[in-house]
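S.K.: Please find one structure pasted underneath; my questions will follow.
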């Protein structure tokens, strides 16, 4: 018996595989941004379940990673034309474009730095095993590289414990994620996770120190496929790999201002009290976890097999989500079902999951909590639909066939 869940709603507009889905956190009306492998961007109103605007890349390049950057900026990375673009989310007008290295699995991250400018962290233009850092001034459209080709292997060599599998190098940069403290985390092909901060010199024009604050190896020697900050405990970092494990690291905030207490190797600075982090392990019994999403009451994840799962944070029960392909197979031959040219039994019966995200009811209520008695009579019908949607958390899955399904989490 198939015990998988059926979607509550399905959004249809993409004509090819959906590559990213992103819930915009600071919109009063719950908003979703989706992209596909032909370079189309669609902004959805999740209350009306309709697209409100869209944009098509002239190059038709697949968009492989997206990030919402406050206020009102959407960043999109397209691998085929090696471009990172910034858009005004309200109009989808392109503001900025730059060429980046997209030869590895890595995504990118943009964060607001201590100097107030947006800072981009991405793979080095010359080496996918290193990273570059740029400050972006959106107003003047100026881009400045503040750190070039950062290699972390030598600077952390003395921190790694003897019991780890032997690795010759960190390998390709696989994943980036930023933390509220200003720490950037990188997952490497070797299974090592490194956290670091940029500390800008207030006297010089944009010079900065690169300070390593975190080192762990929960999946070594397997590659890091996903990184996520735990919504329930912002001092926890989640990571996954090709095994069945979701590992949890404790994020330790380090005072990076005391430069005299630092020691430098190969142009990268580490604090004297930097220590190896031992990870907590949670076995999901599902292999090759390539995407994780943390909500207030739920943990969501998907695998390379094309299937998706969820569990409540306080239980071990796992819900399954996958979409079956049609059981009706068109046969062009006049011989009908007696034709020897039958469907290949090795072909999957399921439509593959390509990307996941979630709408967090608790986070939304904390940010935009609205009572019906505070809403004008003319707006109450729309507001009622909004409140009905927002009282639940939602699992949002983009599929290979171009559909996006919404599942109510219970």
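Where a number appears in this text, it was derived from the coordinates with a stated rule and is not lab data. Values in this document were obtained by computation on a predicted structure and should not be read as measured data. Cβ sites come from the backbone with ideal geometry, for glycine too, and all protein chains shown count toward neighbours.
S.K.: Whole angstrom only: what separates the Cα centroid of segment 47-84 from the Cα centroid of segment 23-41?
M.R.: If we compute the Cα centre of each part, the gap is 8 Å.
S.K.: Still on this structure: Between residue 143 and residue 91, what length in nm is gained on full extension when 0.36 nm per residue of separation is reduced by their alpha carbon distance? Present the calculation step by step, with values, prior to reporting the outcome.
M.R.: Working: separation 52, 0.36 × 52 = 18.72 nm, distance 2.29 nm.
The span from residue 143 to residue 91 would gain 16.4 nm if fully extended.
S.K.: D for segment 9-409, whole µm²/s, Stokes-Einstein with Kirkwood Rh over alpha-carbon pairs at 37 °C and 0.692 mPa s: what number?
M.R.: 145
S.K.: Still on this structure, I have one more. Under the definition of Cα pairs under 8 Å and six or more residues apart, what whole-number percent is the relative contact order of segment 9-409?
M.R.: Values: 949 pairs, mean separation 50.6, N = 401.
Once divided by the residue count of segment 9-409, the mean separation gives 13 percent.
S.K.: Quick one, can you get me the convex hull of the C-alpha atoms of segment 273-323 expressed as volume per residue in Å³? The partial results should precede the final answer.
M.R.: Working: hull volume 6.0 nm³, N = 51.
Hull volume normalised by residue count: 118 Å³.
S.K.: Then there is this: Quick check: residue separation of residue 235 and residue 51 times 0.36 nm, minus the Cα distance between them. What number comes out in nm?
M.R.: On the way: separation 184, 0.36 × 184 = 66.24 nm, distance 3.58 nm.
Extra length available between residue 235 and residue 51 comes to 62.7 nm.
S.K.: Next question, about the same structure. Jot down the per residue volume, in cubic angstrom and as a whole number, of the convex hull over the alpha-carbon atoms of segment 13-170.
M.R.: Details: hull volume 25.0 nm³, N = 158.
Expressed per residue, the convex hull around the Cα atoms of segment 13-170 is 158 Å³.
S.K.: A follow-up question, please. Quick one: which of 272-279, 30-37 comes out on top by average Cβ neighbours within 10 Å, and what's the full order, highest first?
M.R.: Descending mean neighbour count gives 30-37, 272-279.
S.K.: Continuing with the same structure: Rg (Å, one decimal) plus Dmax (Å, integer) for the alpha carbons of segment 118-252?
M.R.: Cα only, segment 118-252: 15.3, 50 Å (Rg, Dmax).
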